[in-house]
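See structure below.
Throughout, read-outs are computed from the coordinates displayed, never taken from laboratory work. None of these values were measured; they are calculated from a predicted model. Heads up, the Cβs are rebuilt from the backbone with ideal geometry, glycines too, and the neighbour counts pull from every protein chain shown.
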Amino acid sequence: MQTAAPEIPVSEIVARLLARARAAQRIAAGYDQDRVDDLVLAAGWAIMQPERNRALAQLAVRDTGLGRVEDKIEKNHRKTLGLLRDLRGARSVGVIAEYPEKGIVEIARPVGVVAAIVPSTNPGATPANNIINALKGANAIILAPSPKGYSTSAKLLEFVHAELGRTGAPQDLVQILPRPVSKAMSEALMQQADLVVVTGSQANVRAAYSSGTPALGVGAGNVVVIVDVSADLADAAIKIARSKTFDHATSCSSENSAVLLAPIHAAMLGEFERQGGALLTAEEKSKLQAVMFPHGKLGSATTAQPVAAICALAGLTRRELVGARFLMVEEDGTGRDHPFSGEKLCPVLTVYRARDFEHAFDLAQAIYDYQGNGHSVGIHTRDDAHVMRLGRDMTVCRVIVNQAHAIANGGSFDNGLPFSLSMGCGTWGGNSFSENLNFRHFLNTTRIVRQISPNEPSPDDIFAGYRAKYGH
């Protein structure tokens with residue numbers, strides 16, 4: 001009688017992948033900068049080549065049921081092109097900086113094997129970003145995609161392997177966990193890798209932080225945008241509407257709440273309506289809330305869905321709503337009893353009315369205290385004092401000024417942020433970094449330290465000013 005072959009433990013499956021990755025990474029560690037940059041361009045072309053880009057976008061929408069094909073094509077292209085621009089000419093191999101006056105030379109070193117936890121909302125653009133950043137540091141990387149996004153990430157890997165083959169580099173530099181990806185398998189990968197990069201749910205972020213491996217996780221998004229009295233209202237409405245509807249709001253940087261100052265409240269609602277927004281009645285809002293927030297928590301039924309599908313789910317039949325570009329609900333509170341104050345991940349915008357700028361500031365901070373601390377805030381204004389007030393006092397890592405937030409927050413060709421799909425939220429968001437994830441996070445740095453002429457001050461030099469203020 002034939003017996004079934006013993007099942008291979010998850011930890012052993014992962015260990016075998018890691019062994020292959022480490023062997024490939026040792027080869028890449030010997031590459032010079034030009035050779036490493038060839039890897040970067042190979043991975044970039046794997047997703048940017050137009051036919052491949054479209055195939056990935058179509059696969060992502062088909063299998064995840066999230067987002068819009070044309071927007072994913074734009075995202076795959078734009079995010080990757082921007083990242084390649086950022087990396088062009090950047091030193092990531094060997095000596096990357098010298099400071100003769102300090103006697104210090106900095107040498108870039110790989111981190112080793114990266115575990116990348118990939119969300120279903122961006123199963124093409126996010127892993128491509130992680131792959132490119134990892135390869136820039138001569139690292140290997142293993143993807144752990146969500147079940148729904150697996151097919152897209154696997155197809156991307158196929159394209160990456162084809163391009164790596166053209167350069168003669170080992171394909172095992174980029175791998176993916178085998179089907180079916182389980183929580184146990186992802187956890188084993190995080191435990192055995194040298195660095196974990198996680199984008200997606202806060203449960204995954206917490207698992208990464210508790211894996212025992214150094215981890216770069218991101219915080220929850222719940223972007224608030226303030227429309228000030230000095231704003232160009234028409235321009236603000238165009239940009240907010242574009243951001244709110246792009247890829248059916250899959251982005252964590254899509255505006256979730258708009259705080260409108262009282263003097264421009266009515267006019268701004270009118271501008272939103274001109275951009276295809278439709279305001280719900282109290283009864284319609286109640287119906288939508290029941291569908292979006294079953295048991296008081298955001299459900300998945302409306303995530304990244306078009307307005308018509310959301311209306312069908314909620315039983316909203318008014319023609320103005322079904323044909324709208326995005327929906328609007330009015331709110332005046334924050335927290336669990338006001339679920340529309342939280343993140344929505346769909347083309348629904350919560351609208352608040354603020355008496356003045358200080359009231360708008362307090363409303364935004366209250367929203368972040370409920371959800372989204374550390375991520376980012378938007379403002380449309382001509383008053384730089386209001387911009388600086390947000391920068392100095394709001395618990396966010398980015399203040400996006402007069403821009404479409406979802407387009408600008410992860411880097412744009414008309415601002416200076418690094419192109420990224422993963423936004424660090426600092427200690428406010430429970431993260432270890434507060435900038436856009438970039439290739440420097442995938443490097444170790446060794447410093448050679450040589451002697452210099454002594455630079456030792458006397459105690460009087462240090463304490464002179466203090467003693468003048470406070471006495472001996």
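Below 16 Å Cα-Cα, how many Lys pairs turn up in the range 223-420? Only count pairs eight or more apart in sequence, or on different chains, if you could.
The result is 6.
Please list log₁₀ I(q)/I(0) at q = 0.09, 0.10, 0.11, 0.15 Å⁻¹ for the range 223-420, using the Debye equation with identical point scatterers on the alpha-carbon positions.
-0.29, -0.36, -0.44, -0.84
Amide H of Val118 versus every other amide H placed in the peptide plane: which residues, excluding those fewer than 5 positions away on the same chain, fall under 5 Å?
Ala144, Ser146
Once both labels are modelled 7 Å past Cα along the beta-carbon direction, what's the His472-Arg35 spacing in nm?
Label at His472, label at Arg35, 6.6 nm between them.
Any chance you could run the full-extension gain for Ala309 through Ser412? It's 0.36 nm times the residue separation minus the Cα-Cα distance, nm to one decimal.
34.0 nm
So, R0 is 51 Å and r is the distance between the beta-carbons of Arg26 and Arg392; what FRET efficiency does that work out to, to 0.05?
The calculated FRET efficiency here is 0.60.
Of the labelled options (i) 22.8, 84; (ii) 24.5, 93; (iii) 20.9, 69, which one gives Rg and Dmax of the Cα atoms in Å as computed for this structure?
Given (i) 22.8, 84; (ii) 24.5, 93; (iii) 20.9, 69, the calculated one carries the label (ii).
Could you give the nm distance between label points at Ala15 and Asp362, where each point is 7 Å from its Cα heading toward the beta carbon?
In this crude spin-label approximation the distance works out to 6.0 nm.
Among Ala241, Cys397, Gly296, flag the residue with its Cα farthest along the positive direction of the charge dipole of the range 223-420, charges on Cβ as +1 for Lys/Arg and -1 for Asp/Glu.
Gly296
Give the calculated FRET efficiency between Glu273 and Gln49 to the nearest 0.05, with a Förster radius of 45 Å applied to their Cβ-Cβ distance.
Once rounded, the FRET efficiency stands at 0.65.
If the reach is capped at under 27 angstrom between alpha carbons, list the lysines near Lys136, excluding any in the same chain fewer than eight residues apart.
Lys72, Lys75, Lys79, Lys155
Where the centre of each part is set by its Cα atoms, how far does the range 244-300 sit from the range 199-214, in angstrom?
30
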